[in-house]
Amino acid sequence: MISIGETSLDLSNAQDVGILLLFVLPVVLVILLLRTGQRVRKSSEAVMQMASQMSGLGQRVQSLSDGQQQLFGGLNSVAEAQAQQQSKTLQLMEQRLSSVTEAMNQNLSSSARNTAQSLGELQQRLKTIDKAQENITKLSGDVLSLQDILSNKQTRGAFGEIQLNDIVSKALPADSYNLQHTLSNGKRADCLIQLPNPPGSIVIDSKFPLEPYERLRNAKTEQELSVAARELKAAIRAHIRAISEKYIIEGETADGALMFLPSEAIYAELHANFSEVVREGFTARVWIVSPTTCMATLNTMRAILKDARMREQAGAIRKELGLLYQDVDRLGQRVENLDRHFGQAAKDISDIKISAEKAGKRARRLDNFDFEELAPETDEAILPLTPPQK
C-alpha cells in the first residue's frame, strides 16, 4: 500500500498500479531527463574541456612544429655551415696534400737524381777501382817479371841497356849518338855520344851491381854488413877499371867515360856510404851517373851539340842574314813606292771630288733653268758640240 497525499494505492491492484505508473512515469522521465541533461551538460563541459585541451594540445603541437621547423632550419644552417667548413677543410687538406705531394715528389725526384748521380759516381769509382786493380795485377806481373829479369845477369844487363837507350833517345837527337858502337880496339860500348872536340866522343856503359847491393841491404849482422860492403866496393871498382881500360881511347874518345847505374838506390848508397869509391872513379876519369843525373848530363851535352852546330853553320847563318837584309831593304823600297801610289791616288780622288761637285752644281742650275747664271768658272775654253763622226 502506497499513500500519495490523501490517496492510497494498492500495489496488488492492477488499476492502482497503472494509476501509479501514470503518476510515477512522468516523474521518472523528468528525473531521467534532468539527469540526462546533467550528464549531457557534464559531457558537453567535458567535451568543451577536452576541446580546450585539444586546442591547447594543438597549439603545443603547432609550437612543437614551429620549434621543429626552427630546429630543422637551424640544423640545415648547421649542416650547410658544416658542409662549407667541411668543403673548406677538404680544400685546405687537398692543397696541403697537393703541396706535400709536390714536395715529396720533388724530394723523391731530387733523391732519385742524387741517388742516380751517386750510383753513377760509385760506378765510375768502381770502374776506376777495377782499372786500378787491373793495373795492380799487371804491375804485380811486371814486378814478378822484373824480378825474373833482375835475377839473371844477362837480362839484368839488357834491362840497364834498354833504360839507358830510352833516356838517351829522349834527351839527344838521333844523329848525335850510336848504340852498341864498336871502337877501334874491338870493344863494344853501350852508347857513344858524338860530341865535338873538345872533349870528343864520350862512351856511356851500363852496369848493374844488384847482387852485392841486395846482400848489403839484407845484412843482419855486422859481419854480413862488412862482407857485403866489401863486395859492393869490389864490384864498383871492377866496373870502373873495366870502363877506364876499354872505353877511353886517346884520339878517338873523350878523356873520360860515364858509368850508368840504372838504380837510384845504388847511386844514393854509393854517394852516402862509399864516397871513396866515387872519388876513385873521378881519378880514373869515370863518372858514375844514375837515371836522373844521366838525364841532366845529357841535357848539358845537348846544349854543347847545339852550340857546336850553330858554330858550324855560322857562315850559312851570315849568308842568310845578308839575304834577309836585302829582302828587308827591298821591302822598304816597295813600301815607299806603295806610299807614293797611295798619295797620288788620294790626290786623284780629291780632284775627282772637286769635279763631281762642279758637275753637281751645273746639273742643279740646269734643272732650275738658271741659264742666265751659267758662266764659265775657269778660263778653259768651252768645247763646242760636234756631231759624231761616221
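What follows draws every value from the coordinates through simple rules; no lab data is involved. Since the structure is predicted, the reported quantities are computational estimates derived from the model, not experimental observations. When we count neighbours, we look across all protein chains shown, and the Cβ atoms used for this are built from the backbone with ideal geometry, even at glycine.
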Could you rank the peptides 278-287, 334-343 by their average count of other C-beta atoms within 10 Å per residue, with the highest value first?
278-287, 334-343
Protection-proxy order for peptides 178-188, 74-84, each taking the mean of Cβ atoms within 10 Å per residue, highest first
178-188, 74-84
Using 0.36 nm times the number of residues separating residue 356 and residue 217, minus their current alpha carbon distance, what extension gain do you get?
39.9 nm
Rounded to the nearest Å, what's the spacing between the alpha carbon centres of region 238-254 and region 216-235? Just the number, please.
28 Å
Here the gain from full extension of residue 334 to residue 184, 0.36 nm per residue of separation minus their alpha-carbon distance, amounts to 48.0 nm
Beyond 22 Å between alpha-carbons counts as too far, so tell me which of 207/246; 131/170; 170/207; 207/233; 170/306 fall in that bin.
131/170
Whole-number percent relative contact order across region 153-320, with pairs defined as alpha carbons under 8 Å at least 6 apart:
23 percent
Give the shape of region 153-320 as rounded, prolate or oblate, defined through the alpha-carbon gyration tensor: a ≥ b ≥ c are the square roots of its eigenvalues, a/c under 1.5 means rounded, and otherwise the shape is prolate if a/b is larger than b/c and oblate if not.
prolate
Averaging over every viewing direction, what projected area does the convex hull of the Cα atoms of region 209-258 cover, in nm²?
3.7 nm²
